[in-house]
């Protein structure tokens, strides 16, 4: 009996397509952010707030990944944001191939900042590069302060972590100090923003980080992924 390592082959093929995507992004002059979180952490709310703040300053586009429905995409389109929906069915993550197929009918012309909102999941999305320039993980206070140590793969590959719903701190036993301690052990290089998409607290620092991301010329980089 011959053993075939399907996981390795899948990731190798994904990396090949991701590299092609990265070249496509750079040629178009667009910066790409892969946005990940567990369900309900507030990815779409963060994008809504970001779209409002960047309006007229940065041309922002979104690829929206979900198992089913286009509910989140409709929220963004209501703000005038060009949004393409990808439904994965049973798939727990977006792949580079899915994004490449979406871009066949969703051109990047005129776009400066492309957000790819991944499927709500802190496991497999971290293993599949989408050719992005930056990875952002959204966490939230109600989820608990131990998310980085419980899901280290996602946080270890993050360039930025947005800790959302800090307006709920007084209603939980969440400890920001513990959260930052875990982050310093898992990924000390990641920048962490404490925000509330409901009240707007802390979002200005996030917006300024995005302006820096858009203004910096892309440099070639190896795909960020870890075996799932």
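Which order do the peptides 131-143, 89-101, 180-192, 156-168 come out in when sorted by mean C-beta neighbours inside 10 angstrom, highest first? Could the numbers behind the result be given before it?
Numbers: 131-143: 23.8, 89-101: 17.6, 180-192: 15.6, 156-168: 22.0.
By packing density, highest mean first, the sequence is 131-143, 156-168, 89-101, 180-192.
Report, largest value first, the span of the C-alpha coordinates of the chain along each principal axis, in whole Å.
Principal-axis extents of the Cα atoms in the chain, largest first: 54, 50, 35 Å.
Tell me, how many Å apart are the Cα centres for the stretch 141-171 and for the stretch 64-123?
Spelled out, the Cα-based centre of one part sits 23 Å from the other.
Give, to the nearest whole percent, the P(r) tail of the stretch 66-134 beyond 16 angstrom, counting all Cα pairs.
Every Cα pair in the stretch 66-134 considered, those over 16 Å come to 50 percent.
No value in this document is a laboratory result; all are computed from the given coordinates. Not measured: the values here are computed from a predicted model. Neighbour counts run over all protein chains shown; Cβ positions are idealised from the backbone, glycine included.
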